[in-house]
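**Q** First the structure, then my questions, so here it is.
The values are calculated or read from the model by the stated rules, or taken from the named source; none is laboratory data. Keep in mind that this is a model prediction, so the values were computed, not measured. Cβ placement follows ideal geometry from the backbone for every residue including glycine, while neighbour counts extend to all protein chains displayed. For the accessible areas, the whole protein counts, side chains as well, though only heavy atoms, and no ligand, DNA or RNA atoms are used. Shrake-Rupley method; radii C 1.70, N 1.55, O 1.52, S 1.80 Å.
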Amino acid sequence: MEDAGLLVGDIGGTNARFALASVAADGRPRLESVTQLRCADFPGPAEAIAHFLAQLGRAAPPQALVGVAAPVTGDRVRITNNPWSFSAEATGAALGCSLRVVNDFAAVSRALPLLRGDDVVAIGAAPAPAPGPRQVYAVLGPGTGLGVSGLIVDRGQYAVIESEGGHIDFAPADDTETEILRLVGERHGRVSAERLVSGMGIANIYAALCEIAGRPQQAETPEQIAALADREPEGLAAQALERVCAMLGGFAGDIALAFGAWQGVYLHGGVAQKLLPRLQRGAFRRRFETKGRHAPLMRAVPTQLIMHPQAGLLGAAAMGLAV
């Protein structure tokens, strides 16, 4: 794809994805040579991107746009949940291209107008509202951390809201969650939503539930906990996953209220996709809608899960190609 004028990336706490992007005949972004790499295998993004380009046997295109799981406030960027820290300008110079860096969930938000029917799955029965001249959406997703962003569509123009909303304080909803908060707080000090509503949150919640019950842990990682939950559907591992889904619903409702995202809230990421059967059981929507005097308003807000495998790269391409 030598004619590609844009390299796009999606860098999270664990994995980095890269692709070459161009505008297809239908005016939509086209992604080619999509590649996923482990962040731990490279000292920084320059080396990861150089490896990606070397695999293709080509030089960097003139422009690159990369979404990162971190706040982007200037040239220096530090990934929140991995050791990478880099200068966007120096990295671009090393690669021989102009590099723009944005928040990863901001890129996902920009992909929303490009998603088609099979790219999303509804969670709950709230119907999609009639489109108006101005629409506001929120996107959030548990992964290694907890990303949050928004999108305003105003008369065909797009404005992305970058956010570090996953780092707001966690708000417990019952006595068990208050005790979980206390126990996790003893280990980490301040407890953000990300500490509990994320991949690491699955492990933190399970460990806390075991401590509350006075039982030994039988699993350590989110993957082990999910496997144990499948084997013991009434056990503490399964309860931990149900708690994560409920907490995610409460957090998603809070973000909808904060952003005024009455046109919809989208979940994104592999953790949410793996939790889909549990998300659809009802606890997620109950907590999403339980917002006191605003419960009737929340019942009308649709929630959907993004199933597109490369929404971050798609949104980065839309931003970089201005389509």
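**Q** Taking only protein heavy atoms and a 1.4 Å probe, what accessible area per residue, in Å², does the chain have with all protein chains in place?
**A** Accessible surface, normalised per residue, equals 44 Å².
**Q** May I pose another question? Any chance you could run the full-extension gain for H188 through A159? It's 0.36 nm times the residue separation minus the Cα-Cα distance, nm to one decimal. Kindly include the intermediate steps, with their values, before the conclusion.
**A** Numbers: separation 29, 0.36 × 29 = 10.44 nm, distance 3.52 nm.
Using 0.36 nm per residue and subtracting the Cα-Cα distance, I get 6.9 nm.
**Q** How large is the helix-only mean residue ellipticity at 222 nm for the chain, computed as the sum of -39500 (n - 2.57) over DSSP H runs with n ≥ 4, divided by its residue count, in deg cm²/dmol to the nearest 500?
**A** Mean residue ellipticity at 222 nm (helix-derived): -11500 deg cm²/dmol.
**Q** With no solvent and one point per C-alpha, what does the Debye sum give as log10 I(q)/I(0) for segment 193-270 at q = 0.23 Å⁻¹?
**A** Result of the Debye calculation: -1.00.
**Q** Enter the Cα centre distance for the pair segment 276-297 and segment 216-261, rounded to the nearest angstrom.
**A** A separation of 14 Å, based on Cα centres.
**Q** Please give the FRET efficiency for A24 paired with Q224, using the beta carbon to beta carbon distance and R0 = 51 Å, rounded to the nearest 0.05. All intermediate terms of the calculation are to be shown ahead of the outcome.
**A** Values: r = 42 Å, r/R0 = 0.82.
The calculated FRET efficiency here is 0.75.
**Q** Under the 0.36 nm per residue contour assumption, what length would be gained going from the current alpha-carbon distance of A125 and A300 to full extension?
**A** 62.1 nm
**Q** Turning to a different aspect of this structure: With unit charges on the beta carbon (Lys/Arg positive, Asp/Glu negative), name the residue among G13, T178, G282 whose Cα is farthest towards the positive pole of the charge dipole of the chain.
**A** G282
**Q** Report for the chain the percent antiparallel among DSSP-assigned beta bridges with both residues inside it, nearest 5.
**A** Antiparallel: roughly 65 percent of the beta bridges in the chain.
**Q** Same structure, new question: Can you compute the charge dipole magnitude of the chain about its Cα centre, using +1 on each Lys and Arg Cβ and -1 on each Asp and Glu Cβ, nothing else charged? Give it in debye, rounded to the nearest 20.
**A** 620 debye
**Q** Turning to a different aspect of this structure: Along the charge dipole of segment 49-151, Cβ charges K/R +1 and D/E -1, which of A93, I79, L112 sits furthest on the positive end?
**A** So the residue we want is A93.
**Q** Round to the nearest 10 and report in Å² the accessible area of C97, as given by a 1.4 Å probe over the protein chains' heavy atoms.
**A** Its heavy atoms expose roughly 20 Å² to the probe.
**Q** What ranking of S85, S192 comes out by heavy-atom accessible area, probe 1.4 Å, highest first? Numbers along the way, then the final one.
**A** On the way: S85 55, S192 10 Å².
Largest to smallest exposure gives the sequence S85, S192.
**Q** Here is a follow-up. Are there any helices in the chain, counted as whole DSSP H runs, that stretch 20 Å or more along their axis by Cα and score at least -1.0 on average by Kyte-Doolittle, and if so which? The partial results should precede the final answer.
**A** Details: long enough: 199-213 (22 Å, 1.32); 236-259 (34 Å, 1.26).
Result, helices passing both filters: 199-213, 236-259.
**Q** Taking the structure as given and computing P(r) over Cα pairs in 20 Å bins from 0, in percent, which label from (1) 30, 48, 21, 2; (2) 35, 57, 8; (3) 32, 56, 12, 0 fits?
**A** Working out P(r) over Cα pairs in 20 Å bins from 0, in percent from the coordinates points to (3).
**Q** Whole Å is fine, so just give me how far the alpha carbon centre of segment 10-64 lies from that of segment 104-140.
**A** About 25 Å separates the Cα centre of segment 10-64 from the one of segment 104-140.
**Q** Could I ask something else about it? Please check: in the Gaussian network model of the chain (C-alpha springs, under 10 Å), which one of E194, E242, E211 has the largest mean-square fluctuation.
**A** Taking springs between Cα atoms under 10 Å, the residue moving most is E211.
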